[in-house]
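Structure record follows, encoded as structure tokens.
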Amino acid sequence: MKEFVEYIVKALVNNPEAVSVTEEETDASVTIKVMVAESDMGKVIGRGGKIANAIRTLARTSGRDQSKKINVQFGEDK
């Protein structure tokens, strides 16, 4: 799942080498944390959060077979 989200985010940003994706897994959920350069944050979030919500939807849909809740969080690298 981590690689899938990383691929999508790197395709959206101007500075793909600044993208960092980590995955934390518990018994009930998987949290994917996406960090991008400050200048690329708007491209990942999108107007009204539409792109971020689309990424979350894709991650949840592709992770259905894991029977765990998939969360995607976005932040910026300082």
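Laboratory data are not the source of any read-out in this text; all were calculated from the coordinates shown. On a predicted model such as this, the values are computed, not experimentally measured, just so you know. Methodologically, a virtual Cβ is constructed for each residue, glycine included, from the backbone with ideal geometry; neighbour enumeration extends over all protein chains shown.
For the pair residue 64 and residue 2, label points projected 7 Å from Cα toward Cβ lie 2.5 nm apart. Pairs of Cα atoms nearer than 8 Å and 6+ residues apart set the relative contact order; for the chain it is 35 percent.
For the range 2-77, the share of DSSP beta bridges that are antiparallel, to the nearest 5, is 40%. 3J(HN,Hα) along the range 53-68: 5, 5, 4, 4, 4, 4, 5, 5, 5, 6, x, 4, 5, 7, 6, 10 Hz, from the Karplus curve 6.51 cos²θ - 1.76 cosθ + 1.60 with θ = phi - 60°, whole Hz, x for Gly and Pro. Each residue of the range 4-12 was assigned a 3J(HN,Hα) from its phi angle through the Karplus curve 6.51 cos²θ - 1.76 cosθ + 1.60 (θ = phi - 60°); the sequence is 4, 5, 4, 4, 5, 5, 4, 6, 8 Hz, with glycine and proline shown as x.
Can you give the calculated 222 nm mean residue ellipticity of the chain, where each DSSP H run of n ≥ 4 adds -39,500 (n - 2.57) and the sum is split over every residue, rounded to the nearest 500 deg cm²/dmol? Helix-only estimate at 222 nm: -11000 deg cm²/dmol. Across all Cα atoms of the chain, the radius of gyration (one decimal) and Dmax (whole number) stand at 12.0, 35 Å.
Distances between placed amide hydrogens fall under 5 Å for residue 77 paired with 36, 37, 38, all partners being 5 or more residues away or on another chain. Taken one residue at a time, the phi angles of the range 24-31 give Karplus couplings (6.51, -1.76, 1.60, θ = phi - 60°) of 10, 10, 10, 5, 9, 8, 10, 10 Hz. Gly and Pro are set to x. Around the amide H of residue 70, modelled in the peptide plane, lie the amide H atoms of 30, all under 5 Å away and 5 or more residues distant in sequence or on another chain.
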